[in-house]
Amino acid sequence: MDRTDRFDIIVVGGGGAGIAAAIGAGRGGARVLICEKMQKLGKKVRISGNGRCNIYNDIIDESGYNVESRELVRSMLSKFGKTEIVRFFRDLGLRVYSDDEGRVFPITNQSASVLDVLELELGRVGAHVYFECAITSLERNESGFRLKHKDGALYAKCVILCAGGKSYPISGTDGSAYALATAFGHTLVEPVPSTVALLSDDPWCKPLSGQKIQAGVSFSINGEPGPRTEGDFLFTDYGVSGLTVLDSSEEISIALGRGLSTDTALVVDLVPFMHEDELRKELQQRLRRKFPSDKLLAGLLPPKFAGVLAPVLETRNPHTIVDAVKRKTFRITGTRGWNDAEFTAGGVDHREVDGRTLESKKCPGLYLAGEILDVNGKRGGFNLAWAWSSGYVSGQHAAESLAAPRH
Ligand SMILES: Cc1cc2nc3c(=O)[nH]c(=O)nc-3n(C[C@H](O)[C@H](O)[C@H](O)COP(=O)(O)OP(=O)(O)OC[C@H]3O[C@@H](n4cnc5c(N)ncnc54)[C@H](O)[C@@H]3O)c2cc1C
């Protein structure tokens, strides 16, 4: 390929944030290059939402993100929030719909459609893309940046680091790009896997492996209970999974991964559709009707549960049974790790970027956007919304800074 090596702006990483950054910068008149280490753009966009790509949420605001980052998120969303994201994709020709949880998907239900329109726009703004171009080091001098890759070097006046976090290394993100930022004195909030299945040595897990129920789940750290979520709860050979577990995983992963606590558990209500009193009365009635012990929960829990609950059911004590099924505790020993995690909690400390522009406070001309920063949203389109918003704003500002030279 005929490659030139000098650009106004080089975007490192062609995921959602990098593509949005390049479009923002290209629309601002800058000559832009995306360096992407994989053979395609947006591998994570492609797998997002099970290939349907949940591109944003109808109800995006900073409350959907980790507490520490909310001020920065509010600032970014005030410049490129829901209204702007909607207009951005509509203008690119993408038709979307929302489901009843406010999650927005392309009308085709295929993430490839999202990339289709984004790639067209990259072409329209004249952005270049170099594939299989992993940036291995970044240096600054008076005239700008020198970016090394395996075949040589590239030069740019500004660099936007959009190299993602550590989750799903198969999509190009193994955390090695953090070093590009730490080389300039940036610090890392210890990255840990988030939205991830959890490991448990509870004796229920193996015999119930494959059983999925609706449950109410709260995490517990040092005995302190967290908020409750309701929905899928799945038993597996290694522990537990399902949407409730993914949604409760971040705090546990942070506690374990940052050495804050090893006393981590999930407290699970296996019968969330009945209040305790209602369940107790139902059991008392079943006991009066002489139900056999292994059928006391028939119709309320799948038959397999009678096995793991046998010692409790054999007590024929409704209080003991209610306690066992409304507050079952699973000790959590770890997470399934980076290969399974949807997001990264942690990353480059967001306090080290300008809250208005995302320019590094450590190195002028360097910008950071997307999952590389320690900003993480909940499931439901919040992480891609952050990628579009932070990417676009950083690209726009980088281009503006070149149009209006610094004093
Ligand atoms: C299975 C799964 C499902 C998901 N579903 C959703 C969802 O439905 N909705 C939602 O909002 N979020 C979802 N997410 C999260 C969301 O996809 C990410 O938060 C978002 O894509 C991050 O965008 P990014 O551009 O910051 O990083 P990434 O998309 O990770 O992009 C970073 C890019 O940088 C490249 N790169 C890394 N290092 C270098 C280097 N040194 N040189 C050059 N290139 C480099 C990588 O190859 C990669 O392409 C999901 C994630 C996963 C894993």
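The values are calculated or read from the model by the stated rules, or taken from the named source; none is laboratory data. Worth saying up front: this structure is predicted, and the values here are computed from it rather than measured. Methodologically, a virtual Cβ is constructed for each residue, glycine included, from the backbone with ideal geometry; neighbour enumeration extends over all protein chains shown. Accessible surface is based on the protein model in full, side chains and every heavy atom, while ligands, DNA and RNA are left aside. Shrake-Rupley method; radii C 1.70, N 1.55, O 1.52, S 1.80 Å.
The number of residues in segment 116-146 that are within 16 Å of the ligand (Cβ to nearest atom), part of a strand (DSSP E or B) and farther than 30 Å from D91 by Cβ comes to 5.
Checking segment 203-211 against the condition returns no match, with no residue being of a type in the set (F, W, Y) and not in a loop (DSSP other than H, G, I, E, B). On the given criteria, is K206 within 14 Å of the ligand (Cβ to nearest atom), under 30 Å from F235 (Cα atoms) and either at pLDDT below 95 or open to solvent by 50 Å² or more (accessible area, probe 1.4 Å) (or both)? When the stated conditions are applied, K206 does not pass them. Selection of strands (runs of 3 or more DSSP E) fully inside segment 1-111 by the criterion of at least 1 residues being away from the ligand (no atom under 14 Å from the Cβ) returns 6-12, 32-35, 96-98. For segment 142-162, a residue qualifies if it is open to solvent by 20 Å² or more (accessible area, probe 1.4 Å) and in contact with a helix residue (DSSP H, G or I) (Cβ under 7 Å, 6 or more places away or on another chain), and exactly one does: K157. Looking across segment 293-316, the residues that are in a loop (DSSP other than H, G, I, E, B) and either modelled with pLDDT under 95 or in contact with a helix residue (DSSP H, G or I) (Cβ under 9 Å, 6 or more places away or on another chain) (or both) come down to L296, L297, L300, P303, L309, E314, T315, R316. Being surrounded by fewer than 19 Cβ atoms within 10 Å (Cβ to Cβ) and in contact (Cβ under 8 Å) with a residue 40 or more places away in the chain is a property that holds for G337.
Residues in segment 233-246 that are open to solvent by less than 40 Å² (accessible area, probe 1.4 Å) and not polar (S, T, N, Q): F233, F235, G239, V240, G242, V245, L246.
Determine which member of the set A399, A306, A387 is within 16 Å of the ligand (Cβ to nearest atom), surrounded by 17 or more Cβ atoms within 10 Å (Cβ to Cβ) and of a type in the set (A, V, I, L, M). Working first, answer last.
Values: A399 fails: within 16 Å of the ligand (Cβ to nearest atom); A306 fails: within 16 Å of the ligand (Cβ to nearest atom).
That would be A387, the only listed residue that is within 16 Å of the ligand (Cβ to nearest atom), surrounded by 17 or more Cβ atoms within 10 Å (Cβ to Cβ) and of a type in the set (A, V, I, L, M).
Just wondering, is there one or more residues in segment 188-195 that are in contact (Cβ under 8 Å) with a residue 60 or more places away in the chain, within 27 Å of L402 (Cα to Cα), within 12 Å of the ligand (Cβ to nearest atom) and part of a loop (DSSP other than H, G, I, E, B)? For segment 188-195, residues in contact (Cβ under 8 Å) with a residue 60 or more places away in the chain, within 27 Å of L402 (Cα to Cα), within 12 Å of the ligand (Cβ to nearest atom) and part of a loop (DSSP other than H, G, I, E, B): absent.
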